[in-house]
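Since every read-out is calculated from the coordinates, none of them should be taken as a lab result. Just so it is clear, the model here is predicted, and its values are computed rather than measured. Here Cβ is always computed from backbone atoms with ideal geometry, including for glycine, and neighbour counts include all displayed protein chains.
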Amino acid sequence: MDLSTLRSQFPALAQSNDGYPLCYLDTAATSQKPQQVIDAMNHYYQFDNANVHRAAHQLSARATTQYEAVRDKLCQLICAERREEIIFTHGTTESINIVANGLTSQLRQGELILIDSAAHHANIVPWQELAQRTGAIVKPIPLTGDCRLDITAFDALLTERPAIVALSHVSNVLGTVNPVAELVARAKQVGAITLVDGAQAIAHMDVDVQAIGCDFYVFSGHKMYGPTGIGVLYGRFDPLDKLTPLMTGGEMIKTVSFSGTVFNQLPNRLEAGTPPIAEVIGLGAAIDFLNALPKTPVREAEQALLVYLQDSLQDLGDIALYGAHSDNLGAVAFNLAGEHHQDVGILLDQQGIAVRCGHHCAMPLMQILQLNGCCRASIGVYTDKADIDNFITAMKSVKELLL
Ligand code: PMP
């Protein structure tokens, strides 16, 4: 496969910053977008712009056809059984909030919610809020010394028969991968409702919700080469249908009168108001882009590059790597000995290198690692060896400057 052709599909990567070619190592925050995603959204606004599901005119019919076709594409992408099991949201955060809010009436005082210690705040705070509303208790699943989820501790927590188990598929900070199918199977044995946050997994691996066996799987379009403002909530039909809607209003109703309202069926029931139509269409183009890639070589190249990135950082010396394993996906978390992560990030930016620095919306994980933050370099299908080499060269100069 010719990686340069692939890379040239991403117009943003062609630019330079202060004379340095852009070296974008922040794909875990948001991926760059291929031209076909940009074109699909432009085309919709130029020719098909209309609200979906409503009007009796051709523009609306075209918009609706394109919008609903993306539901089918998503259904195929993650092996959902029914198209009604795919709900469009504005992102992973909203998807988790819909689930956590929607479960309020199903949870009792004192019931247990297990969450991943390495989780993103989006998979922590909605559960804390749910616990506050219901009197349920949130407990984190501990990590092992090498930053993997501690399966023995998880098994011990399962004896307390949690009502809900919320896991990350891939950590947004460390890139560690949880064996979610195995964890979900154990959680199901004790009758827990399970949610998997796939925000960092969906662009890097095959996701099969049947094989995982979870009740809910959530992700964002913007981390899989699609636009911002569009997310996905997959739910198995029955648990999804039992959720109380977070948002009410137009689109999600069957009938409304002043004596009462009857809600619509799935998926509309959980999609109140005008949806992000252009973004859904852009996400459809991103799925087409991903589906057209030669999957195995692209995945192998990405994995080899991640290990090369981990090894190159290690070889640099004076670097602390966090939870780095060769089977991680997408991201490497690190600090330069004793130096503030923000200083490293700024000095890298001055050389055209884009990395993320801070707590990465995972403050509890930072507390476990006893850090006030770290740097994260993350990759995507367009990242090449030259990106990593440029980054390492820049890191050498940062090291010389700071140490
Ligand atoms: N979970 C994980 C693992 C993430 O990486 C992110 C985004 N950083 C989110 C949830 C939240 O996604 P969004 O901001 O798109 O809602």
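Restricting region 214-241 to residues that are under 19 Å from A119 (Cβ atoms) and assigned to a loop (DSSP other than H, G, I, E, B), the residue that is farthest from the ligand (Cβ to nearest atom) is D215.
Among the residues of region 177-213, just one is over 18 Å from G231 (Cα atoms), buried (at least 24 other Cβ atoms within 10 Å of the Cβ) and either within 12 Å of the ligand (Cβ to nearest atom) or not aliphatic (A, V, I, L, M) (or both), namely T194.
Candidates D315, D349, D343, D288: the one that is of a type in the set (D, E, K, R) and closer than 25 Å to R148 by Cβ is D315. Every test in (1) touching a residue at least 40 places away in the same chain (Cβ under 8 Å); (2) of a type outside the set (F, W, Y); (3) buried (at least 22 other Cβ atoms within 10 Å of the Cβ) is passed by A136 save one, and that test is (1). Could you please find all residues in region 149-164 being away from the ligand (no atom under 16 Å from the Cβ) and surrounded by 15 or more Cβ atoms within 10 Å (Cβ to Cβ)? Selection gives D150, I151, A153, F154, L157, L158, P162, A163, I164.
Checked against the criteria, A119 does not count as touching a residue at least 60 places away in the same chain (Cβ under 8 Å), buried (at least 24 other Cβ atoms within 10 Å of the Cβ), assigned to a strand (DSSP E or B) and within 13 Å of the ligand (Cβ to nearest atom). If the condition is being touching a residue at least 60 places away in the same chain (Cβ under 8 Å), in contact with a helix residue (DSSP H, G or I) (Cβ under 8 Å, 6 or more places away or on another chain) and surrounded by fewer than 19 Cβ atoms within 10 Å (Cβ to Cβ), then region 362-382 contributes only M363.
Of the residues making up region 269-301, those that are acidic (D, E) and surrounded by fewer than 20 Cβ atoms within 10 Å (Cβ to Cβ) are D288, E300.
The listed residues are I124, I86, I96, and the only one of them that is within 28 Å of Q265 (Cβ to Cβ), within 15 Å of the ligand (Cβ to nearest atom), in contact with a helix residue (DSSP H, G or I) (Cβ under 8 Å, 6 or more places away or on another chain) and not hydroxyl-bearing (S, T, Y) turns out to be I96. So if I check each of N372, N328, which one is of a type in the set (S, T, N, Q) and touching a His at 6+ places or on another chain (Cβ under 9 Å)? Testing whether each residue is of a type in the set (S, T, N, Q) and touching a His at 6+ places or on another chain (Cβ under 9 Å) leaves just N372.
Note on region 323-367: residues that are within 16 Å of the ligand (Cβ to nearest atom) and not charged (D, E, K, R) amount to 19.
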